[in-house]
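Chemist: One structure is given below, represented as structure tokens, and several questions about it will come after.
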Amino acid sequence: MNQGILALVTSTGCASASALQSLTDAMHIPHLYIQRNSEGSPRTACQLNPSPGGQRYTLAARPPVRLNDVMLTLVEELRWQKFIVFYDIEYDIRGLQGFLDQTSRQGVDVALQRVDRNISKVFTNLFTTMRTEELNRYRDTLRRAILLLSPHGAHSFIHFAQYLLPV
């Protein structure tokens, strides 16, 4: 610190990020905060406290508004009227409320589906619980899906979807 800090880049939990925000705001140090959990899943941004002087030195790299805007643009560009958002157990879906409200106002049918860590179990359960015509409709819906999973989870999900539900 005697030589000076140009910026601080962190990836922590909400409580630590809030404490670091107070420190970086007080010391006028730019702070790039990337929120994620230990599995690497993206999450919504923490609610960071406003600085007393109004100057913010912390930038959250995954603010929920931006993620909502990106997903809304995707849905509008592809003209999806029905799709599924798959999310893992670590994802904080509360940050999607604005996105869900907006799609609902547009008459878009959005289903949320939590995915267990054991991705193969998800697909195995599909084949044991759904009839053939339901699986065919589900396969069509899988073509319109947003994955909010860890990189490993998304890779496994896509692999099983391609293998068990061929196009």
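The values are calculated or read from the model by the stated rules, or taken from the named source; none is laboratory data. Only a predicted model underlies this, so the values are computations on that prediction, with no experimental measurement involved. Reconstructed Cβ throughout: ideal geometry from the backbone, glycine too, with neighbour counts over all protein chains shown.
Chemist: Tell me, which residue of region 75-111 that is part of a loop (DSSP other than H, G, I, E, B) and of a type in the set (A, V, I, L, M, F, W, C) is farthest from ILE158 (Cα to Cα)?
Modeler: Top of the filtered list is VAL108.
Chemist: Pick from LEU67, LEU48, LEU6, LEU59: which is of a type in the set (A, V, I, L, M, F, W, C), assigned to a strand (DSSP E or B) and at pLDDT below 80?
Modeler: LEU59
Chemist: Moving on to the next point. Determine, yes or no, whether LEU23 is over 23 Å from LEU149 (Cβ atoms), modelled with pLDDT of 80 or more and outside the structural domain of PHE160 (by TED's automatic domain parsing).
Modeler: yes
Chemist: Further, regarding this structure: Residues in region 104-122: is at least one under 28 Å from ALA60 (Cα atoms) and among the hydroxyl-bearing types (Ser, Thr, Tyr)?
Modeler: yes
Chemist: Here is a list of conditions, (1) hydroxyl-bearing (Ser, Thr, Tyr); (2) in contact (Cβ under 8 Å) with a residue 60 or more places away in the chain; (3) in contact with a Ser or Thr (Cβ under 6 Å, 6 or more places away or on another chain), and TYR91 meets all of them except one; can you say which number that is?
Modeler: (2)
Chemist: Go over the candidates VAL108, VAL85 one by one and state the one that is closer than 27 Å to LEU48 by Cα and not assigned by TED's automatic domain parsing to the domain that holds GLY13.
Modeler: Of the residues listed, the single one that is closer than 27 Å to LEU48 by Cα and not assigned by TED's automatic domain parsing to the domain that holds GLY13 is VAL85.
Chemist: State the number of residues belonging to region 26-45 that are within 19 Å of TYR91 (Cα to Cα), among the β-branched types (Val, Ile, Thr) and modelled with pLDDT of 70 or more.
Modeler: 1
Chemist: Working carefully through the options SER120, SER104, find the one that is of a type in the set (Ser, Thr, Tyr), surrounded by fewer than 19 Cβ atoms within 10 Å (Cβ to Cβ) and modelled with pLDDT under 85.
Modeler: SER120
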